[in-house]
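Q: I have a structure here, written as structure tokens, and I will follow up with some questions on it.
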Amino acid sequence: MSKKSQNVASVELEFKPARKFSKKARISSLAQYKQLHRESIKKPATFWAREAKELLWQKKWSKVLDWKAPNAKWFVGGKINVCENCVDSHLINGRANKAAIIWEGEPGESRTLTYRQLHREVCQFANVLLAKGIKSKDRVLIYMPMVPEAAIAMLACARIGAVHSVVFGGFSAESIADRLEDCKAKAVITSDGGYRRGSVVPLKANVDEALKKYKGVETVIVYQRIGEKVTMKNGRDVYWHDEVAKVSDQHIAKGFDSEHPLFILYTSGSTGKPKGILHTSGGYLMGTYATTKYIFDMQDDDVYWCTADVGWITGHSYIVYGPLANGATQVMYEGAPNFPDFGRFWDIVEKYKVSIFYTAPTAIRAFIKAGDQFPEARDLSSLRLLGTVGEPINPEAWMWYHKKIGGGRCPIVDTWWQTETGAIMISPLPGCTPTKPGTATLPFFGVDAAILDETGQECRAGEGGKLVIRQPWPSMLRSIYGDKKRYRDTYWSDYKGVYTAGDGARKDKKGNFWITGRLDDVLNVSGHRLGTAEVESALVSHDSVAEAAVVGRPHEIKGQGVVAFVSLKGKFTGSDDLNKELRNHVGKVIGAIAKPDEIHFTTALPKTRSGKIMRRLLKELVATGEVTGNVTTLEDVEVIKSLQESLKK
């Protein structure tokens, strides 16, 4: 941390909500927040029943919560259609002609869909899926660029009860194949390609490569985004526009059980095998609806923009389900923040008069590095609220965001949550919570967050420990798809009946939560979770590599960079060419996001006498260049000296 950011952190500047903002906010005082939060913890059934009445239910629930740790059922017996809440409900509440999605492509074209138009397109695509034999609970993999059709595909799946699994467009063919195999998908929805930094991402070609490995897909629906010719397999592959032309634009949404599976989203785990996080319908929608409403203080005239990709949980919860359930008008952008230059985001804010802007600390740090001239040349006066997501934001970046983007007038909601939690768990409420650079502040309604030590005792103020949630919440994951044991072992085994987030944290004297980062072998690269074991596995799959160990190192833009230590097989020697080849190999196996920033070739890795790689020592080495921790269990102390020399080169 620089001297400047240390100063920001040490004085712990506090920003109280402006009276003008609080006056119009949904939650306007700390006393109101505390009263509602107390009720949501002590009487969760009362609190969530009241909130759930704002959703459209086809059959009311008989019981708010059935909890037998670690298994929760929310709104038991209720029937709901998630898509109906996001689309149809607005045709009867006066929003039919309101803009739902304002889309801008990276090359510059734009399109607006009203709620009426969105309804028509979702109904049509739901009918396409039904015509292709997709039934309730069938799994459908979606691998698309950031176009409205990605959201339409998700909503159409939800409408007919199919379970979608969206894969980020930056992932490789092998990553797609792994996910297809795990969820046994029946269909794939993709595109001929997408745009990223002026280049075409070959999405359909990647799907074709994946389907050489997994043979269970019966239908591939291809949306034509770029108009390039792609290979189409007769009897399996069809074009989106051809199929839509054959079906009706009318479809009646059927209600599904509140616990009906909605989607599977894969996230990195410490074992190397991605975890398929399973979310269900009623509780997940309730969580995303409520958090969008309160944390973004969503008003009917807001223009909201979340810059995430639909391939991540942020895109699911805060592009598709939360904002649309609230009847928001939102911007959706296809491309990179720096194409054609670092003014692109601010051009979009100015062009569409964005009032709520939600992005990642990684992007903010990149904007800082690019220079103040980009935001200063645009009119950002439409902004009234800013948000951050994906990782803790360093105080220096928080202050820049506050001053340069928010003009010193916009509250910042620094949000902590996970793929597993489904919705935001810790965040300021902008009309009432005093904010400090670097802290996510206080738990959301229904979130009983705490920091525990190894014995299960709650830590005192200032003490670091494990971040846990002590009560079930509506949007919580229900399982790891196909692996209930892994679900229990990963999240519920540290303390009885308590969810362990896998993050370290501390609380200050005012009860604010300061998230300190991952506790397990999962890196946070540009806000995306990446398992060290996944990268190690990819490296070892190369013919030259005998063994690999991967750790993170602080990175001024990405938060964490990937550092790999590689031992080669006898006939291979380290070189710049092999370094490049290994980086590209990891990119091919997992995706470009996983390419190591550094690869160090070494004759041996630090191991215990039982053969376990001591990653703790490697982390210390890349962070400080030295090892000061306990090395009594190390098999060969000379290995450390060798690695120190390697790092100096």
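Read-outs: derived from the displayed coordinates by stated rules, not from any lab. None of these values were measured; they are calculated from a predicted model. Cβ sites come from the backbone with ideal geometry, for glycine too, and all protein chains shown count toward neighbours.
Q: Quick one: of the DSSP bridges fully inside the chain, what percent are antiparallel, nearest 5? Show your work: numbers first, answer last.
A: Values: 61 of 99 bridges.
If we restrict to bridges inside the chain, about 60 percent are antiparallel.
Q: Using a simple spin-label model with points 7 Å from Cα along the Cα→Cβ vector, what separation in nm is obtained for Arg120 and Ala49?
A: 4.2 nm
Q: Related question: Tell me, what is the FRET efficiency for Asp636 and Lys509 to the nearest 0.05, using R0 = 45 angstrom and their Cβ-Cβ distance as r? Display every interim value, and only then the final one.
A: Numbers: r = 46 Å, r/R0 = 1.02.
So the FRET efficiency works out to roughly 0.45.
Q: For region 115-263, what is the percent of antiparallel DSSP beta bridges, rounded to the nearest 5? Walk me through the numbers before you get to the answer.
A: Details: 3 of 20 bridges.
Antiparallel: roughly 15 percent of the beta bridges in region 115-263.
Q: So how do Val540, Val222, Val637, Val566 line up by other beta-carbon neighbours within 10 Å, fewest first?
A: Working: Val540 14, Val222 23, Val637 11, Val566 26.
If I rank by nearby Cβ atoms, fewest first, I get Val637, Val540, Val222, Val566.
Q: Here's a follow-up. Between Val76 and Thr603, 0.36 nm times their residue separation minus their Cα-Cα distance comes to what?
A: Values: separation 527, 0.36 × 527 = 189.72 nm, distance 5.81 nm.
In short, 183.9 nm is gained.
Q: With the Cα gyration tensor of the chain in hand, convert its eigenvalues to equivalent ellipsoid semi-axes via √(5λ) and list them largest first in whole Å.
A: Details: eigenvalues 263, 196, 130 Å².
Whole-Å semi-axes of the equivalent ellipsoid: 36, 31, 25.
Q: Going through region 118-181, which GluC sites (Glu not before Pro) have at most 10 other Cβ atoms within 10 Å and a DSSP loop state? All intermediate terms of the calculation are to be shown ahead of the outcome.
A: Numbers: sites: Glu121, Glu149, Glu174, Glu181; in loops: none.
Here no loop site has a sparse enough neighbourhood.
Q: Counting only helical runs of four or more DSSP H residues, what would the 222 nm mean residue ellipticity of the chain come to if each run contributes -39,500 (n - 2.57) and the total is spread over all its residues?
A: -8500 deg cm²/dmol
Q: Does region 93-174 come out rounded, prolate or oblate, given a ≥ b ≥ c as the square roots of the eigenvalues of its C-alpha gyration tensor, rounded meaning a/c under 1.5 and, failing that, prolate meaning a/b above b/c?
A: Numbers: a/c = 2.55, a/b = 1.15, b/c = 2.21.
Because a/c hits 1.5 or more and a/b fails to exceed b/c, region 93-174 counts as oblate.
Q: Using Cα-Cα distances under 8 Å and only pairs 6 or more residues apart, what relative contact order does region 470-576 have, in percent? Don't jump to the answer; show the numbers that get you there.
A: Details: 128 pairs, mean separation 16.1, N = 107.
It rounds to 15 percent for region 470-576.
Q: Hey, another quick one. Report the calculated FRET efficiency for Ile92 and Gln457 (r = Cβ-Cβ distance, R0 = 51 Å), to the nearest 0.05. Could you put the intermediate results ahead of the total?
A: Numbers: r = 52 Å, r/R0 = 1.02.
Efficiency for this residue pair is about 0.45.
Q: OK, next. Can you tell me which aspartates and glutamates have their Cα less than 20 Å from the Cα of Lys607? Leave out same-chain residues fewer than eight positions away.
A: Straight-distance partners of Lys607: Asp520, Asp521, Glu534, Glu536, Glu547, Glu620, Glu626, Glu635, Asp636, Glu638, Glu645.
Q: Starting from the amide H of Val545, placed 1.01 Å from N in the peptide plane, find each other amide H under 5 Å away whose residue is 5 or more places distant or on another chain.
A: So Val545 has HN proximity to Lys569.
Q: Once phi is turned into θ = phi - 60°, what whole-Hz ³J(HN,Hα) does the Karplus curve with 6.51, -1.76 and 1.60 give for every residue of region 444-461, x standing for Gly and Pro?
A: Coupling constants for region 444-461: 6, 4, x, 9, 9, 8, 8, 10, 10, 8, 4, 8, x, 7, 6, 6, 6, 4 Hz.
Q: For Gln32 and Asp347, what is the calculated FRET efficiency with R₀ set at 35 Å and r taken between the beta-carbons, to the nearest 0.05?
A: Values: r = 38 Å, r/R0 = 1.08.
Approximately 0.40, to the nearest 0.05.
Q: Report relative contact order for region 115-263 in percent, whole number only (criteria: Cα-Cα under 8 Å, sequence separation at least 6).
A: Working: 252 pairs, mean separation 42.2, N = 149.
Result for region 115-263 is 28 percent.
Q: About the Cα centre of the chain, how large is the charge dipole given +1 on each Lys and Arg Cβ and -1 on each Asp and Glu Cβ? Please answer in debye to the nearest 20.
A: On the way: 91 positive and 73 negative charges, 353 e Å.
My answer is approximately 1700 debye.
Q: Right, another one. On a full-extension model of 0.36 nm per residue, what is the gain between Thr628 and Lys137, subtracting their alpha-carbon distance, rounded to one decimal in nm?
A: Details: separation 491, 0.36 × 491 = 176.76 nm, distance 5.31 nm.
My answer for the length gained is 171.5 nm.
Q: Sequence-distant or interchain residues sharing an amide H contact under 5 Å with Tyr481, placed H: which?
A: Amide H neighbours of Tyr481: Gly276, Ile277, Leu278.
Q: Classify region 3-107: rounded, prolate or oblate, from the alpha-carbon gyration tensor (a ≥ b ≥ c, eigenvalue square roots; a/c under 1.5 rounded; otherwise prolate if a/b is larger than b/c)?
A: Values: a/c = 1.98, a/b = 1.28, b/c = 1.54.
Because a/c hits 1.5 or more and a/b fails to exceed b/c, region 3-107 counts as oblate.
Q: Tell me, in nm to one decimal, what length is gained between Lys233 and Leu647 on full extension, where the rule is 0.36 nm per residue of separation less the Cα-Cα distance? Don't jump to the answer; show the numbers that get you there.
A: Details: separation 414, 0.36 × 414 = 149.04 nm, distance 4.96 nm.
Full-extension gain reported as 144.1 nm.
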